[in-house]
Amino acid sequence: MKSFGPRSWVLPQPVLIIGTYNSDGTSNAMNAAWGGQWDAKEIMISMGAHATTENLDRCGEFTVAFATQDTLVASDFVGIISAKDDSQKMQKTGWTAQKSENVDAPVFIDFPMTLECRINRKIDVSAEGYYIVADIVNILVDEKYLAEDGKPDVSKMQLIAYEPVRHEYIALGNCVGKAFSAGKVLK
């Protein structure tokens, strides 16, 4: 095996779109790849020093949407352009924002699934940013992405993941086995 030393190559990395309000009340979004489930009803996200971090310092509530093949271009855009540098950032995405009913943050209805979140705690706060652990207050799913049993059908969502080795986005969606079941054949 070839050795590469320590790298940020945990695979796959979700493409998370963090929604907050700027100080003037306008919607803002950023792309964050370093995040995931923390506990049953909590998530963790590594936040650098961004306009979104300033918004979180002011409010502490936000939304997390999961990027898709349809939102890929605009999702990448909000990761490479700061609201500090482009006042038209959100208009350029073409996304539609509406106010969340549960947290003080925008819900971008262009995404199939959105988590409404509230910061529970910040870890390792510094000038470069911090890690947030947030409570999942509610989960919104566009009804066209529900299965017959009423639960979300992730295979319909065309979710993407960040592939950090080659800096690419990859498509997710095919079921290749059932968790907590496939391994039973080895009992």
Just one of (1) in a strand (DSSP E or B); (2) out of contact with any Lys or Arg (no Cβ under 9 Å at 6 or more places or on another chain); (3) hydrophobic (A, V, I, L, M, F, W, C) trips up residue 29, so point out which. (2)
With respect to residue 139, is the statement that it is modelled with pLDDT of 95 or more and crowded, with 20+ Cβ neighbours inside 10 Å true? no
Quick one: is residue 115 surrounded by 12 or more Cβ atoms within 10 Å (Cβ to Cβ), closer than 20 Å to residue 58 by Cα and at pLDDT 95 or above? yes
Filtering segment 142-179 for residues that are acidic (Asp, Glu) and surrounded by 10 or more Cβ atoms within 10 Å (Cβ to Cβ) leaves a count of 4
Residue 180 is checked against (1) in a strand (DSSP E or B); (2) at pLDDT below 95; (3) of a type in the set (Phe, Trp, Tyr) and fails just one. What number does that condition carry? (1)
State which residue pairs qualify: first residue among the aromatic types (Phe, Trp, Tyr) and inside segment 7-22, second residue buried (at least 21 other Cβ atoms within 10 Å of the Cβ) and assigned to a loop (DSSP other than H, G, I, E, B) in any location, beta carbons under 9 Å apart, and separation of 6 or more residues or different chains. 21/105
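The values are calculated or read from the model by the stated rules, or taken from the named source; none is laboratory data. Just so you know, these numbers come straight off a predicted model, no measurement behind them. Cβ atoms come from the backbone with ideal geometry, glycine included; neighbour counts cover every protein chain shown.
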